[in-house]
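Each remark here refers to the structure printed beneath this line.
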Amino acid sequence: MIRSLLLGLLVTLAVGTPTHGQVPADSLEAARQIERLEHQWATALVKQDTAVLQRLLAPEYALIVSASPQRPVSRAAWLATLPHYLTRSLAISGLTVRVLGDVAIASFVADLVARARGAERRGKYFLTDVWRYQDGAWRVAARYSSRPEEASASTRALEQMAGDSSPPSR
């Protein structure tokens with residue numbers, strides 16, 4: 001289900017509104033920009049910096065959570081939760097970025113410590129962000145959130161079969 005949503009979003013972004021402004025020609029530099037933006041987003045969450053968050057989120061931004069993928073959280077609804085969602089820390093690890101023209105996909109594990117409406121919320125989350133370069137800036141159009149799984153025997157076997165055929169992370 002989440003793969004279908006992600007594929008649909010990528011197709012929509014790829015054939016959607018034309019970009020205004022040049023997409024960075026160097027995909028390595030674009031990947032570095034996305035890495036910096038991911039860290040800016042994490043810092044802005046901790047600081048409750050809504051100006052930075054509003055700048056980073058595209059108008060069509062949606063948060064899709066694996067527990068209820070059929071109910072995306074809109075940009076406006078997500079921003080409205082911020083006063084009640086206090087992030088104490090958000091550490092990023094394993095960040096990889098794939099740049100595909102004016103679309104970039106970032107995935108990573110986030111180690112979160114937060115409080116939502118008084119309830120403790122902590123743990124590791126596997127996040128996938130879909131970024132789009134438009135009007136001279138990268139903005140995130142969607143975030144997919146799920147819990148990371150432990151590496152199973154079949155996952156390790158797949159990794160061994162893939163060997164060095166995996167695409168570069170940038």
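The values are calculated or read from the model by the stated rules, or taken from the named source; none is laboratory data. This structure is a prediction, so every number in the text was calculated from the model and none was measured. Every residue, glycine among them, receives a Cβ derived from its backbone with ideal geometry; neighbour counts consider all protein chains shown. Accessible surface is based on the protein model in full, side chains and every heavy atom, while ligands, DNA and RNA are left aside. Shrake-Rupley method; radii C 1.70, N 1.55, O 1.52, S 1.80 Å.
Just a few scattered comments:
- Cα-only radius of gyration and Dmax that characterise segment 52-170, units Å: 16.1, 47
- Per residue solvent-accessible surface (Å²) - segment 58-109, probe of 1.4 Å: 50 Å²
- Spherically averaged projected area in nm², based on the convex hull that wraps the Cα atoms of segment 102-151: 4.8 nm²
- Highest mean packing first, where packing is the average number of other Cβ atoms within 10 Å per residue, the peptides 70-78, 94-102, 114-122 line up as 94-102, 70-78, 114-122.
- Phi to ³J(HN,Hα) by Karplus 6.51 cos²θ - 1.76 cosθ + 1.60 over segment 97-112, Hz, x for Gly, Pro: 10, 10, 9, 10, x, 8, 10, 10, 10, 10, 9, 6, 9, 10, 9, 10
- Computed in the context of the full set of protein chains, the accessible area of segment 49-170 at 1.4 Å probe radius has 54% of its extent on carbon or sulfur.
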